[in-house]
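Asks: Please read through the structure below; I'll follow up with questions.
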Amino acid sequence: MADAVTQTRDAGTGIARYAGKPIANCTNLELFNALLRMVRDAAQARGTNQGKKRLYYVSAEFLIGKLLSNNLINLGLYEQVRAELAAAGRSLAELEELESEPSLGNGGLGRLAACFLDSCATLGLPADGIGLAYHCGLFRQSFLGNKQCETPDGWLTWGQESWMRRASLHQTVSFGDFDVTSTLYDIDVTGYGSKCARLRLFDVDSADERLIKDGIAFDKRRVAQGLTLFLYPDDSDDEGRILRVYQEYFMCSNAAQLILAECEERGSNLRDLADYAAVQINDTHPSMIIPELIRLLVQRGIAFDEARGIVRDVCAYTNHTILAEALECWPKSFLQRVAPQIVPIIERLDADVRKSCKEPFVQIVDEHDNVHMANMDIHLSHSTNGVAALHTKILEDVELAPFRRLYPERFNNKTNGITFRRWCIACNPELAALVDRTIGDGWRHDATQLERLLEHEDDALLGELAAIKRRNKERFATWIERHQGAKVDPESVFDVQSKRLHEYKRQQLNLLWAIDAYLGIKAGKLPRRKVTVIFGAKAAPAYTIAKDVIHAILCLSQVVAADPVANKWLQIVMIENYNVTAAERLIPAADISEQISLASKEASGTGNMKFMLNGALTLGTMDGANVEIAGLVGAGNIFTFGESSDEVIARYQRGDYDPMSYYQDDERIKAAVDFLLSHDMLAAGDGHSLDRLAHELMCKDWFMTFPDFDAYLAEKDRMLEAAEDEATWQSKCLVNIAKAGFFSSDRTIAEYNRDIWHLTPDAD
Ligand code: NBX
């Protein structure tokens, strides 16, 4: 190992050698490609974590972010590469700009998968992520006429060398009506000072990007050509939904074939598969791996009942939501068309369940012949976990209570985490250096050591924290101006809500606050300091109300900016095409972290952890991991408001929520909602969209924005007042940074391994 590291270091000193000419004579693209090759060699020299038993983390998404800097940091090459480039008058930052971000995920679930691979690699666990090589991934978002536009994100066609390496594996997947062949691509996932994990992505050989017409539209009936073009093709019609089932089965069949072949190669006789493989099913998109594995085992001569037991011992399922509409449920007729070979298996699994349990809620196939993927996962795996303490408790006591009664020992919690390599060391190097100077660098491998920061609290440390925040805000200001021409004031409070656009996350609550603040300024009630409200969010292309919220935010942004008084005190910015790269700029610059989901609905959240680690304070409901953050930092160091999850669940059960009565009885709510249809807003935007949103809030408000409105306003006001006492504020930030250690994904992964996977770390 020591030799490998030395060799790696030696190789790393030669950018020019990789470029084939002196640095000074290279274009930035040539330097980028040289670094890419250097990193790939260094990663290969380290090798991948090995062991008899291997984790296969199967996921439709891996939101990995740009790789160059992160890999350089993890391989210990960052400083010398930076210095070598600087000596030749070149900048690593400029090269980073050339890299396009892999568009392989959409939200928290995909980013979690990426953090988990980083931690598996770092902890020495033999692990692979398995997913799909989407050509255009999630759409690229732009704003036109204050609306979201979607275009393909052709991240793979960028004329540079790629992190993806074509593996020699080729497999065939049989659908009901035709066969396809697939090719496997590998991306090395470097660990921090360790060997690597791998991200293994399947593509279909018949994929054809020429199918894409007009924006992100394409003929979804051309399955073989369109299969891997996009992550989550529009599923507002049956053609789109069937295409998703094709995608999922393609992923699952490839994964199952690969796993069995590899395990046999490592010595498994397949009856002992659980000694060789742990399969983690990331939400329900990979659920068909269960019947597919059973099918392949039966094909290899194992009796059905035994195959079912083997698969149960191998598979574990992670649930990421309690929203009923997000739990996948496919008509059996779709499966019959896509993969008829697994339908009899699913029917037999369903029949088994029916024999032992009559409860309709837990059946795999319901009376309308819909297959409930999560139900299949729970019956056919040995572990079902939620992703934060509150979420797991709601699953156990409410949403999945009948399953819990059947299988109490299978339920467990694994509170999410984030990798501190990307979310502090890489994105906030000044903060990381300050921590090193203050408590040493042991926290980089054992994040709980961050608590020691509290022993060093004094004016000097708090002053340094404030100065770092200020510089990060300036850096963000420079970036957003370059990115989309927006000018923001680093003197102002940066109040940030960045996450996928969804009604349950309640960006509309923040929007109503901003309208209320604007109306207040117009009426002469000035804030203590300018507030810059920053949103980052993509809306699913077919999610109309989510797009209406984006439209209203963009219209309001224009209205406020055009007002010569208000624009001195309030600014609303929506980041175009929010992604990991934008998050890396934004999060270190935030003062306020908005985590305002309707209590009980956000399974965990992971942005909340990233903001905390970067010294922002949370304004949040007692939901998801916010509850655990509050417990760790104490009531004085977080700003919470709103109804509790118990109250919300009771409200839903009573079914008597009436938004109209709030609208009529609360003047501020009425004024804010009415403003959506004001002359100024209508002049900035589309009356239909604004009207639809106002109507939705007044007449439905399914995620109960109004009952929390007053409490939100009051707590945000208290928070903005607190922000004016710099020393006390920074002291609260310090507590948040110090207590963030629990949320390292190294802790999460160690728990998965202890309780579910039982892998042996590669000790070399
Ligand atoms: O998973 C997210 C949850 O909403 C977060 O609370 C949680 O922190 C995170 C990681 O556990 N879920 C998520 O991102 N889901 C999806 O993006 C999704 C996409 C497609 C679909 C269902 C869910 N059909």
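The values are calculated or read from the model by the stated rules, or taken from the named source; none is laboratory data. If you're wondering where the values come from, they're calculated on a predicted model, not measured in any experiment. Every residue, glycine among them, receives a Cβ derived from its backbone with ideal geometry; neighbour counts consider all protein chains shown. Quick note on the areas: whole protein, heavy atoms, side chains included, nothing else; ligands and nucleic acids left out. Shrake-Rupley method; radii C 1.70, N 1.55, O 1.52, S 1.80 Å.
Asks: Please report the relative contact order for the chain, taking Cα pairs under 8 Å with a sequence separation of at least 6, and give it as a percent rounded to a whole number.
Replies: 14
Asks: Work out Dmax and Rg for segment 239-355 from the C-alpha atoms and quote the Rg first, both in angstrom.
Replies: 14.3, 42
Asks: Next up: Pop out the carbon and sulfur fraction of the accessible area of the chain as a percent, whole number, probe 1.4 Å.
Replies: Looking at the chain in its full context, I get 50 percent from C and S.
Asks: Let me ask you something else. Just to confirm the filter: which chymotrypsin sites (Phe, Trp or Tyr not before Pro) across segment 77-174 are DSSP coil and have at most 14 other Cβ within 10 angstrom of their Cβ?
Replies: 158
Asks: Note down the Stokes-Einstein diffusion coefficient of segment 429-740 in µm²/s, whole number, using a Kirkwood radius over alpha carbon pairs, 37 °C, and 0.692 mPa s.
Replies: 164
Asks: Given bins 10 angstrom wide, list per bin the percent of all Cα-Cα distances in segment 249-306, short to long.
Replies: Spelled out per bin, shortest first, that is 23, 58, 19.
Asks: Using the crude model of +1 on Lys and Arg Cβ and -1 on Asp and Glu Cβ, and no other charge, please compute the dipole size for segment 429-740 relative to its Cα centre, in debye to 20.
Replies: Computed charge dipole of segment 429-740: roughly 820 debye.
Asks: How large is the charge dipole for the chain, taken about the Cα centre, if only the Cβ atoms of Lys, Arg (+1) and Asp, Glu (-1) carry charge, to the nearest 20 debye?
Replies: The dipole of the chain has a size of about 1240 debye.
Asks: I need two numbers for segment 118-268: Rg to one decimal and Dmax as a whole number, Cα atoms only, in Å.
Replies: Using the Cα atoms of segment 118-268, the pair Rg, Dmax is 17.2, 60 Å.
Asks: Holding the Cα-Cα limit at 21 Å, pick out from 469/525; 332/505; 499/716; 332/393 the pairs that are longer than that.
Replies: Distance filter (> 21 Å) returns 469/525; 332/505; 332/393.
Asks: Convert 25 °C to kelvin, take the viscosity as 0.890 mPa s, use the Kirkwood radius over C-alpha pairs of segment 655-750 as Rh, and evaluate the Stokes-Einstein diffusion coefficient in µm²/s, rounded to a whole number.
Replies: The estimated diffusion coefficient comes to 145 µm²/s.
Asks: Ranked from the most accessible area to the least, with a 1.4 Å probe and all protein chains present, what is the order of 122, 544?
Replies: In descending accessible area the options line up as 544, 122.
Asks: Within 10 Å, count the other beta carbons around each residue, average over each peptide in 632-640, 386-394, 690-698, and list them highest first.
Replies: Averaged packing, sorted descending, gives the order 386-394, 690-698, 632-640.
Asks: So which of 147/538; 66/487; 522/670; 473/610 end up more than 23 Å apart, counting from Cα to Cα?
Replies: Correct reply: 66/487.
Asks: Counting each pair of different Cα atoms once, what's the Kirkwood radius of segment 75-167 in Å, rounded to one decimal?
Replies: It is 16.4 Å.
Asks: Turning to a different aspect of this structure: Students often forget the sequence filter, so: which lysines lie under 25 Å Cα-Cα from residue 52 once same-chain residues fewer than 8 apart are removed?
Replies: Counting by Cα, and skipping residues close in sequence, residue 52 has these lysines nearby: 195, 414.
Asks: What aspartates and glutamates does residue 355 reach when the alpha-carbon gap must be under 20 Å and sequence neighbours fewer than 8 apart in one chain are set aside?
Replies: 305, 306, 347, 366, 367, 369, 377
Asks: By DSSP, what percent of the beta bridges with both residues in segment 186-329 are antiparallel, rounded to the nearest 5?
Replies: In segment 186-329, DSSP labels about 55 percent of beta bridges as antiparallel.
Asks: Please work out how much accessible surface residue 165 shows to a 1.4 Å probe, ignoring ligands, DNA and RNA, in Å² rounded to 10.
Replies: The value for residue 165 is about 60 Å².
Asks: Share of Cα-Cα pairs in segment 639-703 beyond 17 Å, in percent?
Replies: Tail of the P(r) past 17 Å holds 53 percent of the pairs.
Asks: Sticking with this structure for a sec: Heavy atoms only, probe 1.4 angstrom, no DNA, RNA or ligands counted: give me 702, 330 ranked by accessible area, highest first.
Replies: 702, 330
Asks: Can you quote the Å³ per residue value for the convex hull of the Cα atoms in segment 424-489, rounded to an integer?
Replies: 85
Asks: Where in the chain are the helices, taken as whole DSSP H runs, whose Cα atoms extend 24 angstrom or more along the long axis and whose Kyte-Doolittle mean reaches at least 0.5?
Replies: Span-like helices, by this rule, are 544-561.
Asks: Counting only DSSP beta bridges with both residues in the chain, tell me the antiparallel percent, nearest 5.
Replies: 35
Asks: Normalized C-alpha radius of gyration of the chain, against 2.2 N^0.38 Å?
Replies: Ratio of Cα Rg to 2.2 N^0.38 Å: 0.94.
Asks: Once you have the Kirkwood Rh of segment 135-207 from its Cα pairs, apply Stokes-Einstein at 4 °C and 1.567 mPa s and quote D in µm²/s.
Replies: Using the Kirkwood radius from Cα pairs, D works out to 85 µm²/s.
Asks: Work out the FRET efficiency for residue 236 and residue 750 from their Cβ-Cβ distance, taking R0 = 45 Å, and round it to the nearest 0.05.
Replies: My answer for the efficiency is 0.65.
Asks: Starting from one equal scatterer on each C-alpha and no solvent at all, send me the Debye-based log10 I(q)/I(0) for segment 458-568 at q = 0.12 Å⁻¹, two decimals.
Replies: Each listed q corresponds, in turn, to -0.51.
Asks: Mind checking the per residue accessible area of segment 429-740 for me, 1.4 Å probe, whole number of Å²?
Replies: Using a 1.4 Å probe on heavy atoms only, each residue of segment 429-740 averages 36 Å².
Asks: Separate question: Taking N as the number of residues in segment 335-429, what is its Cα Rg relative to 2.2 N^0.38 Å?
Replies: 1.44
Asks: Considering the options 578, 456, 592, tell which one lies farthest towards the positive end of the dipole of segment 429-740, charges being +1 on Lys and Arg and -1 on Asp and Glu at the Cβ, about the Cα centre.
Replies: The one lying farthest along the dipole's positive direction is 578.
Asks: Go through 248-260, 454-466, 706-718 and give me the packing order, highest mean Cβ count within 10 Å leading.
Replies: 248-260, 706-718, 454-466
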